[in-house]
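This report concerns only the one structure given below.
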Protein chains: 2
Amino acid sequence: MARPTLASLARELAVSRQTISNVLNAPHKVKPATRERIQAAIEAAGYRPSAAARQLRTQRSMNFGMRLLPATDGINGAVLDRFLHALTEAAQAAGYRLTLFCADSDSDEIRQYEELLDVAGLDGFILTSSTPDDVRTRWLQERGTPFAVFGRPWDAAGGLTAASHSWVDIDGAAGTEQAVRMLLAQGHSRIGFLGSYTGNPVGADRRRGWLRAMDAAGYGRDVPALSVEAEETVPGGASGAALLASRGATAIVCSSDSLALGAAEKLRELRPGTARPAVVGFDNTPVAAALGLSSVAQPVEEAARHMIRVLTHELAGDGTGAASNPPAAPPERQLLLAPHVVERVPLPLAATGSSPA
Amino acid sequence: MARPTLASLARELAVSRQTISNVLNAPHKVKPATRERIQAAIEAAGYRPSAAARQLRTQRSMNFGMRLLPATDGINGAVLDRFLHALTEAAQAAGYRLTLFCADSDSDEIRQYEELLDVAGLDGFILTSSTPDDVRTRWLQERGTPFAVFGRPWDAAGGLTAASHSWVDIDGAAGTEQAVRMLLAQGHSRIGFLGSYTGNPVGADRRRGWLRAMDAAGYGRDVPALSVEAEETVPGGASGAALLASRGATAIVCSSDSLALGAAEKLRELRPGTARPAVVGFDNTPVAAALGLSSVAQPVEEAARHMIRVLTHELAGDGTGAASNPPAAPPERQLLLAPHVVERVPLPLAATGSSPA
């Protein structure tokens, strides 16, 4: 069976194509009796105006673009995976699809924006990382393209700069601060920090929360010896933990689960026979859960849903009237979400095992 | 600066819009001198025909759809992540984009296909898992929509059925067979298999390779005791490994890295002081690499690139002439790729650690 078109439907109903188009897009222009007859025929025929035709008319593709960043070590990559799922679902629920693209660099990303706007007519972009003095956000703002960033607008020194664009981020410092307080409550006082933070605003932010909690607890003078910088990998975590252990650290707050995994392995090797070591990771990945490590959990699904709310609200309010029901209250355009520590009791795996069939 | 359009360009050059359209789509219809003048102007103006306009003309959206499956435990999920990256890159290199969508079930996936075809005009689909008696492939074939499946067309008993559609898969049995041979060469003879295989064609395939290699080595009669079924999780691996160890297994081939991680933890707990246990995982995830576990590596990037080749070839050959250079030889429409075992020497982490800064 051939798919019904505007033309075939007009022939069948003996009305003009414009009349059918009016029923779909400006029903108040059509007499009620005619409108009802045409609506019934549209439903019976299963006619749907194609996106291409609608796009030419409304200049809307109902599509957001997102650059798929190169795969990371795959341990903390699980977080981006959850973000992508939540984003696709939230976009779809709002009538939008998500188109992925690759880019070699930020400037290549801008070239891709240009092509996706000019050729595919995308409606907006999701940016999944922010960099100091971000050329991409400047380009998009100059062009007037709707976008939302997952990540704060950092300045070169790792501080927050004022920016007029929409962003959502997770308050990393609040997470590590909470992790330190948990370890203090467990009786630890020499609590180390392990992460990559020089020139890395996200790592510096996570270190800041550790510093704040150590200072508040009166351990500020131990801080220089207990802060170790390491490459964000499992071996980086192992060697960093060895250094921290040699300086008397009994617990470690890490800026990623990759680091935490390496640190836990190393502490177990250095102190055989102890229960799971007091190591807290960041991102609450499946690996941390599997190994019984405590970790700071980021509400990435909430961040993703908020970004879609911001984008769809912006598009609904631009005067083209493509979306008919803009929400009453605008969503916050700049939002810092609080993470929380998932505390895991260091039990041997045997206790949690399921029975084999 | 306003974006040049077909109309503005026609005005500027004092030619008809049809002439410009001919230069772009049917250059042989235009006199060489006129063609060169218009081509130069198109380049100078940076004019690009919009996708919406081109889509109405060619009925091509230059876009493939893929359902994003619900996130798995995130350990083996890293493989799907690599697949998604490779797919996006290969599609982009061929001029196509990848649009993601979510679905609650196979029948919901079909409803999404219908909408994506009717409304967004997608050109084809990537299916990332195959199920016995797959309703989705039947629907797509009846509709004549190009698609390629990552996964063999299984029958209900876990065997391979004949299917006329395009698919790519990894020969899991060849991978586990190779893993057993590696363990035999290391001196093991009581080699267990740990996986989920009843009603799971992928697990059954991986078990088949283990069986084949054990039979070939003359250990066929040990096979019933050494095959243990477990839930594909870390705790499932731990409890399955405990059972296999109680039956005298000295090495274990697992059908996933989640299982291998649990099995390795358990064996280390049961035999303190031993080097890394002889456990082989499947998927060669970052977790296996981080923990020094051997694992079967799947060439998912190659699979992704091949699927894009198959789809773009099919679209190039459908007579609409949208792609002008179909490759000389058609790509294989049904392809089984060989995995390989990544052997890791069980060294303590300390030896591989990098120096902290």
Could you say which residue among B:Glu232, B:Glu142 is within 14 Å of chain A (Cβ to nearest Cβ), of a type in the set (Asp, Glu) and over 26 Å from B:Arg276 (Cβ atoms)?
B:Glu142
Of all residues in region B:252-269, which are within 18 Å of B:Thr176 (Cβ to Cβ) and more than 29 Å from the chain's Cα centre (by Cα)?
none
Filter region B:71-87 for residues that are more than 7 Å from chain A (Cβ to nearest Cβ) and in a loop (DSSP other than H, G, I, E, B) and give the result.
B:Thr72, B:Asn76
Return yes when A:Asp169 is within 19 Å of the chain's Cα centre (by Cα) and away from chain B (no Cβ under 12 Å) and no when it is not.
yes
Scan A:Asp104, A:Asp133 and give me the residue that is outside the structural domain of A:Arg207 (by TED's automatic domain parsing) and over 23 Å from A:Arg333 (Cβ atoms).
A:Asp104
Given the criterion among the hydrophobic types (A, V, I, L, M, F, W, C), assigned to a helix (DSSP H, G or I), surrounded by 24 or more Cβ atoms within 10 Å (Cβ to Cβ) and in contact (Cβ under 8 Å) with a residue 12 or more places away in the chain, identify the matching residue among A:Ala225, A:Ala288, A:Ala204, A:Ala242.
A:Ala288
Name, by its number, the condition in (1) more than 11 Å from chain A (Cβ to nearest Cβ); (2) under 26 Å from A:Val287 (Cα atoms); (3) out of contact with any helix residue (DSSP H, G or I) (no Cβ under 6 Å at 6 or more places or on another chain); (4) aliphatic (A, V, I, L, M) that does not hold for B:Leu243.
(1)
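Out of the residues in region B:88-105 that are crowded, with 16+ Cβ neighbours inside 10 Å and in a helix (DSSP H, G or I), which is farthest from the chain's Cα centre (by Cα)? Give the derivation first.
Start the filter on region B:88-105 by keeping residues that are crowded, with 16+ Cβ neighbours inside 10 Å, which leaves B:88-92, B:94, B:96-103.
Within this subset, residues satisfying the condition of being in a helix (DSSP H, G or I) are B:88-92.
Working: B:Thr88: 11, B:Glu89: 13, B:Ala90: 12, B:Ala91: 13, B:Gln92: 16 Å.
Taking the candidates together, the pick is B:Gln92.
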When region B:107-162 is examined, which residues are found to be among the small types (Gly, Ala, Ser) and closer than 16 Å to B:Met307 by Cα?
B:Gly124, B:Ser129, B:Ser130, B:Ala148, B:Gly151
With respect to A:Ala52, is the statement that it is at the interface with chain B (Cβ under 8 Å from one of its Cβ atoms), at pLDDT below 85 and surrounded by 21 or more Cβ atoms within 10 Å (Cβ to Cβ) true?
yes
Taking B:Glu265 and the conditions (1) within 12 Å of another protein chain (Cβ to nearest Cβ); (2) in a strand (DSSP E or B), which numbered condition does it fall short on, given that it satisfies the others?
(2)
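The values are calculated or read from the model by the stated rules, or taken from the named source; none is laboratory data. Predicted model only: the values in this text are computed from it and were never measured. All Cβ positions, glycine included, derive from the backbone under ideal geometry; neighbour counts span all protein chains shown.
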